[in-house]
1. Highest mean first, what order results for A:267-278, B:7-18 on Cβ atoms within 10 Å?
2. Full extension from B:Glu376 to B:Asp334: what is 0.36 nm times the residue separation minus their Cα-Cα distance, to one decimal in nm?
3. Under a crude label model (7 Å from the Cα following the beta-carbon direction), how far is A:Leu78 from A:Arg25 in nanometres?
4. Distance from a point 7 Å along Cα→Cβ of B:Leu240 to each backbone N in region B:340-373: keep the residues under 11 Å and list them by number.
5. Take every residue in peptide B:24-31, count the Cβ atoms of other chains within 10 Å of its Cβ, and give the average of those counts.
6. Taking θ = phi - 60°, what integer Hz values does the Karplus form 6.51 cos²θ - 1.76 cosθ + 1.60 yield along region B:252-267, in sequence order, with x for Gly and Pro?
7. Give the long-range amide H neighbours of B:Met281: residues separated by 5 or more places, or on another chain, with amide H under 5 Å away, using H modelled in the peptide plane at 1.01 Å from N.
8. Under a 5 Å amide H to amide H cut-off, with H placed in plane at 1.01 Å, what residues pair with B:Val198 once short-range neighbours are removed?
Amino acid sequence: MKRDPFAGTQPPCPGALEPRDFMARLQCLSGAFARQRARSEGYGGDPGAGRGQEFIGYRPYRVGEDARALDFLMLARLGKPFVRIQRSEVQAHLCMLVDTSDSMAVGPPGKWQSAAEIVAAWAHVACLAGSEVSVVHAQAGSAPQILHLHKPAQWRDFAGQLFRIRARGGADLSELLQWRGLQKRWSQVVCVGDLFDAQPNEFELHLRGNVPWTLVRIMAPLEVAPDESEATVWLHPKGRGDARSDGGVAGHWAYLRRLAENQELWRSWAAQHRVGLLNHSSANAFEEVFLGSGHGLGGVL
Amino acid sequence: MSDLAWDRPFAVWLLPLLAVAWWLLVVARRPKPQFTGSHALWSVDEGKAAEGSKRGFWPARFWELGAMALALLALAGPSLKSKDQEVTWTVLVDRSASMYLDHGTEKGITRMDRALQRLRDWDLSGSTQFVDAGLLDFGVFQQWPEAWKSAPRARRKPVAWSHWDRPNVLWMTDDANGLDPVHASLIASGGQYQPGPVALADQGILIEGEGGIRFDGDVPAMSVGGGDSWPQPWSGYAKLWCEDRGLIWSPNRVPGVFEALHLALMEASHPGEALVFDLNMGAYRMEGTCRPSPASRERLSTDGKVSPWALEAVGARHELIASEPGLLRLGVVDWKPVQGDLAAFAMDFARILDGARVLPDFVVPSSERGAAMAREVRAGRFLEGPDGEKMTSSPWAPWLSVGALLCLLASFGMGYSRSPRDR
């Protein structure tokens, strides 16, 4: 019987550590988010992230804005276009489904490290805005567990538990979606994972009502842009065999083409179902998810 | 392996180095394992190639190793040490007087001894034959001649080394100055300056020493032997010359006296009638009969344009007096009195006697006594092609090269034909 030379090896980055200056960065993020939120008020935010419903006032229409935001009564009365300024309502209960399967231990930089930072930051900002946060994850062989964050004062304990989770044999998003506890009591759902093991139609069963969904897709640099110059044996994180590339341009172009097709599949599906989709590299800082993508947390808060 | 000979043995020693380099290359080129969440995107296509790639990696590496090893072996130039392929080394020995001088570094060791010692140290494979570089026609010896242990009495011509710059020829001399063989090998023993007698005059000896050249009036006693075997009036003429030169006329060898010349009769190589000759030398004329020759029996005549007393016949050369260093052999059997200018006849006869006379061993020209430069050149083992073209001696080298090329092509085939980029 042929021996598997890679038997017993595991993905290299299963753990996550809270960055030393994490709290300071979160405070900066909260301030930046508050400014962004003030600037974007009235635009309604990304549809997938939840449309704001609370009316604040009017302001003059600017060229290029969505005509649906026009207040036609004001236009008829004053003869000038005005748009309604709306602010997103604070979602009462934010649920975050977190992929802790072996594939999240791929890196470096580890995808789970990046996911933990995003979840912690998202929960911090949401909690400051008055939301209740529940983080759902499942470790190997056990039922899903929930980390609760009700008040900002609990965030330290919450983050401590979150960073103790290891991406080793846990449930991926597909498995979490089958959890019966995933009820309609959430007012906002954020899924954090690499989406490589999931299919869009698995999410469709849960999309109902006005509950906004956001998918945060995290990929490692070697998944986004693998080194084409060297031959590589690509190992499945769960030990389901290996694939090989001998190095060279053609094989990598084929991979990148399939990756682009996969991303386009998710992007089109998300747009069609009004689901927010944020792509993130584990090499980037977690702040880019909130500030760099244009989606922001408007839909959440 | 002991039956193998190598043109360039260093290439054989590179083989272990090649194995190490190959292994390092293999390690460097082995696929690096990486975990990825996007495994499915790779294995859609790459998975099909995986098996082929697994199969092709090691065979390709082994073909590469084979190609490099064969190329190295071709470079080394192997050949079998069979009797047929053994090389016959021709040792061209310089037997000039300087070779018999003391080497100077060790008492009692001459330059010739040192050169022979180096020749034994070389341990030439194959057979060896020796040729006197100053007397190329003298013969080829399979063993070192005993007579070569002492200096030759003959006056020697300069050696034309460049004519012997050939493969499997070894020049053995004492002074490498001016010698730069391309194909031949060279052993120059070298030697220190040796002062001593450099010339012999009628009244004494010129001796070169540290303080310059001095004259010693004590001329060593020298004799002419065997003169009584000559008939009259030839022996009379020779005796007169002997007295004029201060030499001792002695029928037998005198102990302690150096014999500068020996006179003898030429032996007939072929029995038959004597050859009649008529030698017209211009100033004088000689007629008579000489020893028979197988080439011709007709009457020979000459108009004096040949060297003294040598006759050209059809396809043969006849000499009335055969001259060698230290030996004169008379071939004249019968003759008529010389007609014409007897003085001219006497001058020619004296010139022949002077040319045959040799000097004692201890008299070595000044040019030979100088310090000699030592040097050794080992030329590669080459054989000479039918048209003079030099080629390597290894008959396997071309086939090994072809094998290396085929292995290289095979490694390309194994390494790349299953690559996914070709599909």
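FYI, it's all coordinate maths here, none of it is from the lab. In this text the structure is predicted, and so the values were computed from the model without any measurement. Ideal geometry is used to build each Cβ from the backbone, glycine not excepted, and the neighbour counts take in all protein chains shown.
1. The peptides rank, most packed first, as A:267-278, B:7-18.
2. 9.5 nm
3. According to this spin-label approximation, the distance is 4.4 nm.
4. Backbone N within reach: B:342-347, B:349-350.
5. 2
6. Taking θ as phi minus 60°, the curve returns 10, 5, 9, x, x, 10, 6, 8, 7, 7, 10, 9, 8, 9, 6, 8 Hz for region B:252-267.
7. Amide H neighbours of B:Met281: B:Met286.
8. B:Leu206, B:Ile207, B:Glu208, B:Val364
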